[in-house]
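Before any comments, here is the structure.
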Amino acid sequence: MDKNLSKLFKQVYNYSESRLSDDIWRAIQAKEARSLKIQSLLYSFVGILSLGGFVFIAISLKQQFASSGFFEYVSLIFSDGGLIALYWKEYLLSLVDSLPIASLGALLFLLCSMLVSIRKVIQQLKGKLLFN
């Protein structure tokens, strides 16, 4: 609807005999520019917070992996494959039990929010460049 309104005002702008449509068009442009600026700042802020949280959680996740013994369970695959084939259910349950699932979930959430905010900022900058 905003694009249709924009097209309509562009057409009216070309055939206008009064300054009213010009003033309305400038008010609409100013409101859109202000809205884009606020959204860009908000998405940038969310992206920066997500990046900081991502780094913090990644460091914490590395420590949790080291303390949980996950890598020792993984190394069993290469050391004794026959024993793993025999007790594969217990091995998989032990492997899953040693995963820091909450930290992995938080890391993925922060990664997704950071990527979405970067994508939104880039889309808004493209729109701003195309609009001007």
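Can you confirm whether segment 59-73 contains a residue that is under 20 Å from the mean Cα position of the chain (by Cα), modelled with pLDDT of 85 or more, of a type in the set (A, V, I, L, M, F, W, C) and surrounded by fewer than 15 Cβ atoms within 10 Å (Cβ to Cβ)? Step through it out loud before you land on a result.
Filtering segment 59-73 down to residues under 20 Å from the mean Cα position of the chain (by Cα) leaves 59, 61.
Adding the requirement that they be modelled with pLDDT of 85 or more leaves 59, 61.
Retained after the next criterion (residues that are of a type in the set (A, V, I, L, M, F, W, C)): 59, 61.
If we keep only those that are surrounded by fewer than 15 Cβ atoms within 10 Å (Cβ to Cβ) as well, we get 59.
Yes: segment 59-73 contains one or more residues that are under 20 Å from the mean Cα position of the chain (by Cα), modelled with pLDDT of 85 or more, of a type in the set (A, V, I, L, M, F, W, C) and surrounded by fewer than 15 Cβ atoms within 10 Å (Cβ to Cβ).
State whether one or more residues within segment 33-53 are farther than 19 Å from residue 123 by Cα and of a type in the set (Val, Ile, Thr).
Checked segment 33-53: no residue is farther than 19 Å from residue 123 by Cα and of a type in the set (Val, Ile, Thr).
Return the total of residues in segment 28-55 being exposed (fewer than 15 other Cβ atoms within 10 Å of the Cβ) and of a type in the set (S, T, N, Q).
Our first condition is that a residue be exposed (fewer than 15 other Cβ atoms within 10 Å of the Cβ); within segment 28-55, this holds for 28-31, 33-35, 37-39, 41-42, 45, 48-49, 52, 55.
So of that shortlist, the ones also of a type in the set (S, T, N, Q) come out as 29, 35, 39.
Selection size over segment 28-55: 3.
What tally of residues in segment 57-86 results from selecting those that are closer than 25 Å to residue 108 by Cβ, touching a helix residue (DSSP H, G or I) at 6+ places or on another chain (Cβ under 9 Å) and free of Cβ contacts under 8 Å to residues at least 12 places away in the same chain?
Looking only at that region, the number is 2.
The values are calculated or read from the model by the stated rules, or taken from the named source; none is laboratory data. For clarity, every value in this text was computed on a predicted model and none was experimentally measured. Note that each Cβ is placed from the backbone with ideal geometry, even for glycine, and that neighbours are counted across all protein chains shown.
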